[in-house]
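Derivation of every value follows stated rules applied to the coordinates shown; laboratory data play no part. Values in this document were obtained by computation on a predicted structure and should not be read as measured data. Here Cβ is always computed from backbone atoms with ideal geometry, including for glycine, and neighbour counts include all displayed protein chains.
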Amino acid sequence: MLGFAQLFASRLVKAAAILIAIVVMNFFLVHAAPGDPAMVMAGEAGAADEKFVTQLREQFGLDRPIYEQLGTYIGKVVQGDLGFSYRQQRPVWDILAERLPATLVLTLTAFILALAAGVALGTLAAVTVGTWADSAITVIALLAYATPIYWIGLMLSLLFSIQLGWLPAFGYETIGAGYTGLAHVADVAVHLILPVITLALFYMAGYARLTRASMLEVRSLDFVKTAKAKGLTQGRIVTRHVLRNAILPVITVAGIQAGQLVGGSILIETVFAWPGIGRLAFEAVLQRDYQVLLGIFLVTSIMVILFNILTDILYGLVDPRIQVSQ
Amino acid sequence: MSQFNVMRTPPETAAMNTPLLDVRGLSIALPPGADRPLAVDNLTFTLNPDEILCVVGESGSGKSMTAHAMMGLLPAPHVRVSGGSLLFKGKDVLAMPEAEQRSLRGGRIAMVFQEPMTALNPLMRVGRQIGESLREHTALPAPARRARVVELLDQVGLPNPAELAEAYPFRLSGGQRQRVMIAMALACQPDILIADEPTTALDVTTQKQILDLIRSIQAERHMGMMFITHDFGVVAEIAHRVAVMRHGKLVEYGAASDVLNRPQHPYTRQLIASVPHYIEHRDDHAKTGAPLLVADKVRKVFNVGGGLFKKSKQVVAGDDLSLTIHPGETVGLVGESGSGKSTLGRSIVGLIKPDSGRILFEGTDLLALDRKGFRPYRRAVQMVFQDPYASLNPRHRVGDIVAQGPVAFGEDRGKALARARELLAMVGLDGSAADRFPHEFSGGQRQRIGIARALAMEPKLLVADEPVSALDVSVQGQVLDLLDDIRRRLNLAMLFITHDLRVAAQVCDTIAVMRRGKIVEMGTAREVFTHPRDAYTRSLLDAIPGKAWHIPDDLQNVPAGAH
């Protein structure tokens, strides 16, 4: 277990270094985009003259040299202060804290569903390879993978909310209903169904295909022959020997995607009017709300790094060979 | 003398009962489009209790297929049994329902495979893998199973069995893994043990240990054993009876002493004739002129692992390695896996840069040269690789593969291709070979292409790294003959790296024995084989299977792999 703690510690140190690099790069990336908040605000205010814009810039510190702005920004971030959004007149941290839970609930549910269903379907396809069940799963996976995600969202919403009226078409909760406790949870859950399925379908397709391919490869390895020669039942061979080994590449890919899920649901959040980080990012870009945008970048970066570390740890648990080569 | 050690016959009592295994007219069909319709064609043999039956044949002879059919391991639905029966204690295994077959598998009939490195599940502790068998076939509760696993690991001669049961396979060496496989096969006290080339992937000293273990366990438990092998040395070591297979047909079947000492079928005779025998060393090589290559105190250390918080481990692959090769001389570098013999070979070709020492080629230190300076010497030293399947680019035509080297050194493409055809003819391939792709050739033919590719550069020194160990015995003989012929015709010097002492005896003038990164003994083949000075060399020679067996005199003078 010492090796394990060591692995974890070394990963954390690397993560901190990566994070600093990300903060700096994000800052320059945002500033490389043409236009600044002062211009946008002035534009929105109507007939603004040069003097007003300059005044705004001075007020927000935008007239300072860029390295000075960077220094100020990093200093604040290290203290945990993500800045103040002048557009929304609120601290960035408050805005993020309000939006983050909605996104996490949506993406994590979708992720877990996609992983479970994908691995299950992929396994089924691999076990029944060459039969109609395998073909059906392959076709469904291909369709789910190839169809644009927002189109699936719109169609599901058209069918289940508008035609059948079973599920709410958009939103996070029933506005004005004022549910509390369990009733609130149930209300959010009902709203979750359509966006989660839409998002999960896409990722599920990938996992199903990956699991199938990986299982077919592992199935032909020598130790599976050994397992058969031991007289084990088909079910035990598949779960204990084939799937256990075939799952390794799935974990790798899932780990990468898990990090991206947080920032990658902009389309879904837009289609279903989901009040999450994705939509916040979209709005912040349109409004040149640098502080909010940088905050979102930081949070999503942390998520990616966090999930990568989690994946590494999980990998170490699943594959005993990893700790040695590390 | 010729009767020595192969006179073991199965006990009389066994022969009188019904045989343990009775294979009658077994045929196994290959899918349409295969090179022949039947993998196994009308095979009939029996296996008695307390008997070791060796099934001998080259790759594709159907010997493994037979074992797989018995274990229900045929790759269904493409390959299936198309006729005949497999009677276990009088009952047809093939007619049994799946559940009953499964209870035989691992229970009454157990199997050990060829590749110990891949035959164990890498993610499961070895104790559990053995326990699985017990869980399936016995009613033992979990603690009793664990105790039995430790007992089994102890019986196969593994140290610290209790600790070892908790280890993952990657912690174990090849020999240890094969012992684990044997323990797994023995778990439920099977009546029949099938061993499919169980020692082929192992070093010669490990092979001897495993053969001894298998033989003693078989005798102790009076099991019937079907031992599949291609090596007549191994056959001489353990067989009671022998079945020789070729192209799916049984060509010779009889008591071991008869088959080994009085082989009847021409194919058996050919196989026995191509068995390299270590007694036939060469006459001493007359060293002439200045040495072509001198390796002087070469040292190479590999850093393994390491990270931010961890120091890397140092592995000394070669230390104080010195040897000389004269023009026209063949130097054999012999040792077990991990002894550093390939490291030295690769250093000479320039694939690895040693940490210290000198490699002088015609007086120039290759290690002191920069990339540009080294380039002319790349021509002069060429390599033939071990795996003929992996060492040829599958997307290039054979002619291009051979011509690429000279073209890279500025030769005209047309001329190089014409020369490639000549070389392919020289290594015994017909003219159309140049226009075909590597996958259209067999292993032996591919190795010929590999040799032609090396010769295209007109080298002075050929480094051959285990050039025949991936090939069948008879093909092995042919490739060795070819190398020898070319060497003599072109007066090539050769560094021949091999783990097989018998092969080294056949082709080398001088032998260097390596162990753990050091050369422990170096001398003429005659000296090393007749008067080995080092204890390790002696143990290597001692471990050669079938030493006690004297190849019948009338097959001795046939050149290996008669054309």
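Axis angle, to the nearest 10 degrees, between helix B:473-490 and the longest C-alpha principal axis of chain B: 10 degrees. Assuming charge only on the beta carbon of Lys and Arg (+1) and of Asp and Glu (-1), the dipole of the stretch A:2-92 about its Cα centre is about 500 debye to the nearest 20. For B:LYS91, neighbours were defined as the other residues whose beta-carbon sits under 12 Å from its Cβ, and their charges (Lys and Arg +1, Asp and Glu -1) total -1.
The angle between the Cα long axis of helix B:174-186 and the main principal axis of chain B comes to about 10°, on a 0 to 90 degree scale. Counting, for every residue in B:172-183, the Cβ atoms of other protein chains within 10 Å of its Cβ and taking the mean gives 0.
When you filter the trypsin sites (Lys or Arg not before Pro) in the stretch B:331-419 for DSSP loop state and at most 13 other Cβ atoms inside 10 Å of their Cβ, you are left with B:ARG395. Counting Lys +1, Arg +1, Asp -1, Glu -1, what net charge surrounds B:GLY363 among other residues with beta carbon under 14 Å of its beta carbon? Residues near B:GLY363 contribute -1 overall.
Lys and Arg at +1, Asp and Glu at -1: add these up for the other residues within a Cβ distance under 15 Å of B:VAL427 and post the number. Combined, the nearby Lys, Arg, Asp and Glu give +3.
Spatially, the stretch B:417-479 and the stretch A:251-326 are offset by 54 Å when compared through their Cα centroids.
For the residues of B:119-127, the average number of beta carbons from a partner chain within 10 Å of their own beta carbon is 6. Counting every Cα pair in the stretch A:102-254, what percent are over 27 Å apart? Looking at the stretch A:102-254, the distances longer than 27 Å represent 37 percent of pairs. Structure note, pairs A:LYS14/A:LYS76; B:LYS300/B:LYS547; A:LYS228/B:LYS91; B:LYS63/B:LYS89: Cα-Cα distances above 27 angstrom occur for B:LYS300/B:LYS547.
Peptide A:214-224 shows a mean partner chain C-beta count of 3 within 10 Å per residue C-beta. Each Lys and Arg Cβ is given +1 and each Asp and Glu Cβ -1; about its Cα centre, the stretch A:178-302 then shows a dipole of about 960 debye.
From helices alone, chain B scores -10500 deg cm²/dmol at 222 nm; the rule is -39500 (n - 2.57) for each run of n ≥ 4 DSSP H residues, then divide by the residue total.
Size descriptors for chain B: radius of gyration and Dmax over Cα atoms are 25.4, 76 Å.
Cα centroid separation, the stretch A:204-245 to the stretch B:115-164: 21 Å. For the Cα trace of the stretch A:2-92, dividing Rg by the Kirkwood Rh returns an Rg/Rh value of 1.16. Would you mind classifying the stretch B:372-479 by shape? Square roots of the alpha carbon gyration tensor eigenvalues, ordered a ≥ b ≥ c; an a/c under 1.5 is rounded, otherwise it is prolate if a/b is larger than b/c and oblate if not. It comes out oblate by the Cα gyration axes. Shape analysis of the stretch A:167-326 based on the Cα gyration tensor places the equivalent ellipsoid semi-axes at 40, 21, 14 Å, largest first.
Applying a DSSP loop filter and a limit of 10 other Cβ atoms within 10 Å to the GluC sites (Glu not before Pro) in the stretch B:148-212 leaves nothing. Computed over the Cα atoms of chain A, the ratio of the radius of gyration to the Kirkwood radius (Rg/Rh) comes to 1.06. Please identify the DSSP H helices in chain A that span no less than 30 Å along the helix axis (Cα) and have a mean Kyte-Doolittle hydropathy of -0.5 or more. Once both thresholds are applied, what remains is A:2-32, A:92-127, A:181-219, A:290-318. Using alpha carbons only, how many degrees (0 to 90, rounded to 10) separate the axis of helix B:142-155 from the longest principal axis of chain B? Relative to chain B, helix B:142-155 is tipped by roughly 50 degrees. So how far, in whole Å, is the C-alpha centre of the stretch B:539-555 from the one of the stretch A:60-87? Centre-to-centre distance over Cα atoms comes out at 83 Å. Within the protein assembly as shown, antiparallel bridges make up roughly 55 percent of the DSSP beta bridges whose residues both belong there. Ellipsoid fit via the Cα gyration tensor, the protein assembly as shown: semi-axes of 62, 39, 26 Å, each the root of five times an eigenvalue, largest first. When +1 charges are put on Lys and Arg Cβ atoms and -1 charges on Asp and Glu Cβ atoms, the dipole computed for the protein assembly as shown relative to its Cα centre reaches about 400 debye.
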